[in-house]
Structures are given as structure tokens and as C-alpha cells.
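Peer 1: One structure, as C-alpha cells, below. Some questions next.
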Amino acid sequence: ETGVTQSPTHLIKTRGQQVTLRCSSQSGHNTVSWYQQALGQGPQFIFQYYREEENGRGNFPPRFSGLQFPNYSSELNVNALELDDSALYLCASRLGDTQYFGPGTRLTVL
Amino acid sequence: QQQVKQSPQSLIVQKGGISIINCAYENTAFDYFPWYQQFPGKGPALLIAIRPDVSEKKEGRFTISFNKSAKQFSLHIMDSQPGDSATYFCAASNWNNFNKFYFGSGTKLNVKP
């Protein structure tokens, strides 16, 4: 068990809609990151949050945004969904020198 | 530009054999190199990780070999078992930006019974 949970497990949206994905990690996991994993590829870094502030972003447009809350939960929001946004979205949190990944949310955009 | 290159894309090994997966990186600022195992429908799970101050790290049947001058590292799975069949990802990061991992493209391992 990694102590990182994500919801929902699966989600189907249509192009142009907005989606919110959620992640919860254990106490002490102060840094949370989000990754996008397209089918058959390695995860790609979206952004990370530390103490509720974004402090790093990968090559993703501003329609990908996030929030981190004091209770070690976080959200990934994606606006104006595109077909290419279909992927597994992974949340990861750091404890010590280890980054733990959640099981992911499978997003399908039709 | 792909920061971490992984090979092979797929690998078939007989039970009891040795599985070897290779990765190469470009950025000399990278100082943390983990390997993750991922089963279908699951998130990546940390297998083993190494820092560049050592050339080899072993945990059970899993060994990382690291060549700093060549900017290459590899995962060796000894006595491979059917339960090891999964996709393996190498990754690299910089300690000062620890959570920003650059992943390889993955190797799908199939261990035949």
C-alpha cells in the first residue's frame, strides 16, 4: 500500500467539458505531483504542489490546473477537454526520499 | 527531447532467466534514478532506486547497475518469474526538484513459465 488514493477510478467525458480528479495522501506527504500517462507510454510530469503552492510545471497548457489542501488532499482540474487528454492520470506524493504513486484515474474523452 | 531513453520496448524471458532493461540519460544534473513496476490498471510501484555515488545496488532479485561516465543505468532481474510479468519504467530526477521525474517509455516484460 502506498497510502495514496485517487478518485474516481474511471471517468468518461466529452470534448469541451471540464473534469476534476482527486487525490488523497497520508499525513506528512507535503509534496504532491500529478502525471499524465498516455496508453503505452511513460508518465509525463504535469505539475507539483508544495504546501498548497504550485512550484513546478511540465509542458502542459494552463487549462491544466490544480489545488492542494491542508488535509493532504489535492485536485487536478482540466478545462476544455480534448480527445488527446484521454489518459491515466497519476497522483504521486513524497515522503522522505521516496515518491509514491496512486492507482490512477482513467479518463476517456469522447 | 526525450530526457530518458529506455530499451528494449518489450522482452520475453524464460522462467529462471535474467531480464535486463537499459536506460540512458542526457542531463548530468540528474542524481536519483528509480525503477518502477506497473501492472495493468495499477499505478507505478517503486522497485529499487540508486544515486550516482554507487555503481551497483541490489535488493533481492533486483539489481541496478549504474555507469556515470556513460550516463547509463540498467535493471537486472535474476531468476525471473511469471509474476514479474509487467511493464517496467526507469526514471531520473534531480534531488532539488525531486518530484519532477522524467520517465523512460517503458519495457513490457513477459516471463514464460
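The values are calculated or read from the model by the stated rules, or taken from the named source; none is laboratory data. All of these numbers come straight from a predicted model, not from anything done at the bench. All Cβ positions, even for glycine, are placed from backbone atoms using ideal geometry, and neighbour counts span all protein chains on display. To get the accessible areas, we keep the full protein, side chains included, count just its heavy atoms, and leave off ligands, DNA and RNA. Shrake-Rupley method; radii C 1.70, N 1.55, O 1.52, S 1.80 Å.
Peer 1: Over all directions, what mean area does the Cα convex hull of segment B:40-102 project, stated in square nanometres? Write down the numbers at each step before the final one.
Peer 2: Working: hull surface 20.9 nm².
Spelled out: convex hull of the Cα atoms, projected over all directions, averaged, 5.2 nm².
Peer 1: So what's the Cα pair-distance distribution over segment B:13-77, bin width 5 Å, in %?
Peer 2: So the P(r) values, bin by bin, are 4, 15, 28, 23, 18, 9, 4, 0.
Peer 1: Out of the trypsin sites (Lys or Arg not before Pro) in segment A:1-96, which ones are loop residues according to DSSP with at most 16 other C-beta atoms within 10 Å?
Peer 2: Details: sites: A:Lys13, A:Arg15, A:Arg22, A:Arg51, A:Arg57, A:Arg63, A:Arg94; in loops: A:Arg15, A:Arg51, A:Arg63.
Sparse-neighbourhood loop trypsin sites (Lys or Arg not before Pro): A:Arg15, A:Arg51, A:Arg63.
Peer 1: Over chain B, what is the relative contact order in whole percent, taking alpha-carbon pairs under 8 Å and six or more residues apart?
Peer 2: Values: 279 pairs, mean separation 41.6, N = 113.
Relative contact order of chain B: 37 percent.
Peer 1: Shifting gears a bit: Tell me, what are the semi-axes, in whole angstrom and largest first, of the equivalent ellipsoid of segment B:9-50 as set by the roots of 5 times the Cα gyration tensor eigenvalues?
Peer 2: Working: eigenvalues 103, 49, 21 Å².
With the √(5λ) rule applied to segment B:9-50, the semi-axes are 23, 16, 10 Å.
Peer 1: Express in whole angstrom the spacing between the alpha-carbon centres of segment B:86-112 and segment B:42-63.
Peer 2: Cα centroid to Cα centroid, the span is 11 Å.
Peer 1: Moving on to the next point. Charges at C-beta only: +1 for Lys and Arg, -1 for Asp and Glu. How large is the resulting dipole of the protein assembly as shown about its Cα centre, in Debye rounded to 20? Walk me through the numbers before you get to the answer.
Peer 2: On the way: 20 positive and 16 negative charges, 81 e Å.
Here the protein assembly as shown has a charge dipole of around 380 debye.
Peer 1: Along its three principal axes, how long is segment B:2-113 when you only count alpha carbons? Whole Å, largest extent first please.
Peer 2: 42, 29, 21
Peer 1: Something else about it: Relative contact order (percent) for segment A:40-110, with alpha-carbon contacts under 8 angstrom and 6 or more residues of separation? Walk me through the numbers on the way to the answer.
Peer 2: Details: 93 pairs, mean separation 14.5, N = 71.
This gives 20 percent for segment A:40-110.
Peer 1: I'd like the Kirkwood hydrodynamic radius of the protein assembly as shown, using the inverse of the mean 1/r over distinct C-alpha pairs, in Å. Can you show the working numbers first?
Peer 2: Values: mean 1/r = 0.0558 Å⁻¹.
Radius from the Kirkwood sum: 17.9 Å.
Peer 1: Could I ask something else about it? What does the accessible area of A:Thr9 come to, in Å² to the nearest 10, when a probe of 1.4 Å is used?
Peer 2: It works out to around 90 Å².
Peer 1: Provide the buried accessible surface between chains B and A in square angstrom, both chains summed, 1.4 Å probe, rounded to the nearest 100.
Peer 2: Working: alone 6310 and 6090 Å², together 10880 Å².
The B and A chains share an interface burying roughly 1500 Å².
Peer 1: How much accessible surface does A:Leu110 have with a 1.4 Å probe, in Å² rounded to 10?
Peer 2: 120 Å²
Peer 1: Also, quick follow-up: I'd like the Kirkwood hydrodynamic radius of segment A:1-44, using the inverse of the mean 1/r over distinct C-alpha pairs, in Å.
Peer 2: On the way: mean 1/r = 0.0779 Å⁻¹.
This gives a value of 12.8 Å.
Peer 1: Where the accessible area of segment A:32-110 is counted over protein heavy atoms with a 1.4 Å probe, how much of it, in %, is carbon and sulfur? Provide the component values of the computation, followed by the final result.
Peer 2: Details: 1730 of 3460 Å².
With neighbouring chains kept in place, the figure for segment A:32-110 is 50 percent.
Peer 1: So, one more: List for segment B:19-48: residues with 50 Å² or greater reduction in accessible area, all protein chains versus chain alone, probe 1.4 Å?
Peer 2: B:Pro44
Peer 1: Let me ask you something else. Kindly give Rg over Rh for segment A:36-90, based on alpha-carbon atoms, with the Kirkwood expression for the hydrodynamic radius.
Peer 2: Values: Rg = 11.8 Å, Rh = 12.1 Å.
In segment A:36-90, Rg relative to Rh is 0.97.
Peer 1: Next question, about the same structure. Per residue, how many Å² of accessible area does chain A show with a 1.4 Å probe? Could the numbers behind the result be given before it?
Peer 2: Numbers: 5350 Å² over 110 residues.
For chain A, the solvent-accessible area averages 49 Å² per residue.
Peer 1: Suppose we take every Cα in chain A and form the convex hull; what volume per residue is that in Å³? Provide the component values of the computation, followed by the final result.
Peer 2: Numbers: hull volume 10.5 nm³, N = 110.
Cα convex hull per residue, to the nearest whole number: 95 Å³.
Peer 1: Could you tell me how far the Cα centroid of segment A:55-73 sits from the Cα centroid of segment A:25-52, in Å?
Peer 2: The two parts, judged by their Cα centres, are 9 Å apart.
Peer 1: I would also like to ask the following. Projecting each Cα onto the charge dipole of the protein assembly as shown (Lys/Arg +1, Asp/Glu -1 at the beta carbon, about the Cα centre), which of A:Gly40, B:Tyr36, A:Leu81 comes out farthest on the positive side?
Peer 2: A:Gly40
Peer 1: May I pose another question? Using a 1.4 Å probe on the protein heavy atoms, what percent of the accessible area of chain B belongs to carbon and sulfur? Please report the intermediate quantities before stating the final value.
Peer 2: Numbers: 2660 of 5530 Å².
Carbon and sulfur together cover 48 percent of it.
Peer 1: Let me ask you something else. Going toward the positive end of the dipole of the protein assembly as shown, with +1 on Lys and Arg Cβ and -1 on Asp and Glu Cβ, which of A:Tyr49, A:Ser24, B:Ala92 do you reach last?
Peer 2: Working it through, the farthest residue towards the positive pole turns out to be B:Ala92.
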